[in-house]
Amino acid sequence: MGRSKEGKPVPKPRGVAHRSRPGRQCDLCGKTARLTTTECCGNTICADEENYVLFSYARNSCYRNHRRFTLCGYHHAEEHPGSWKECASCRTEFETEMYVYYGTNEYNFEKLEKPPSFEPTRCATCDEVINLAEDGFSERGDDYYCESCSEKELQKLLGKVPPLEPDGMQRPAADRTTRAGKHRSRSKRRPR
Ligand SMILES: [Zn+2]
Ligand SMILES: [Zn+2]
Ligand SMILES: [Zn+2]
Ligand SMILES: [Zn+2]
């Protein structure tokens with residue numbers, strides 16, 4: 001026969017998600033449920049990587065987006081030393097346009113403060129500007145082709161399949177990919 005002491009806390013029914021600290025939220029999308037911490041930079045983020053369907057290329061996972069589409073995630077995955085913002089390897093690893101994209105897109109917690117400037121990428125056929133981060137395009141050698149030119153090219157190939165021609169034929173009309181400083185053996189001095 002024991003009398004419980006006054007003031008003893010009545011056990012609360014469980015139900016409210018435990019461990020949800022108030023104010024904690026994904027710093028990318030603001031959700032407050034199912035959170036984790038990024039490995040690369042220790043920020044709070046949705047634990048949602050399983051939302052991603054393999055090969056869907058969807059951008060519906062904060063966790064994956066940060067890991068795959070930011071310099072922070074890349075830098076960490078490649079085990080570069082130091083801060084990604086000052087990392088020379090990251091800088092040379094990507095074309096400037098993509099470097100800037102990966103360093104400033106909405107999947108970043110912190111962005112590059114002074115992103116380098118770059119020349120827009122243009123289609124080698126029609127000269128249209130291609131946004132490498134968002135537009136469809138194809139690449140051949142150092143050339144880029146916009147989505148519609150790539151498609152036309154593909155249609156051509158599908159329409160009449162040329163018999164075993166190696167790639168390289170069908171150069172676009174405006175083939176002006178001459179690079180400065182690449183003069184070929186014009187006035188090669190012969191040793192006497
Ligand atoms: Zn999120
Ligand atoms: Zn990070
Ligand atoms: Zn790096
Ligand atoms: Zn084009």
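Does region 16-31 include one or more residues that are at pLDDT below 80, surrounded by 14 or more Cβ atoms within 10 Å (Cβ to Cβ) and under 27 Å from GLY103 (Cβ atoms)? No, the conditions are met nowhere in region 16-31. Quick one: in region 92-126, of everything that is acidic (Asp, Glu) and touching a strand residue (DSSP E or B) at 6+ places or on another chain (Cβ under 9 Å), which residue is modelled with the highest pLDDT? Here the answer is GLU97.
Just one of the numbered conditions (1) in contact with a helix residue (DSSP H, G or I) (Cβ under 8 Å, 6 or more places away or on another chain); (2) under 27 Å from ASP143 (Cα atoms) is not true of GLU95: (1). Which residue is farthest from ILE45 (Cα to Cα), if the candidates are limited to region 72-89 and must be crowded, with 20+ Cβ neighbours inside 10 Å and among the hydrophobic types (A, V, I, L, M, F, W, C)? Out of the qualifying residues, it is TRP84.
The values are calculated or read from the model by the stated rules, or taken from the named source; none is laboratory data. The structure presented is a predicted model; accordingly, all values stated were derived computationally and were not measured. Please note: Cβ atoms are built from the backbone with ideal geometry, for glycine as well, and neighbour counts cover all protein chains shown.
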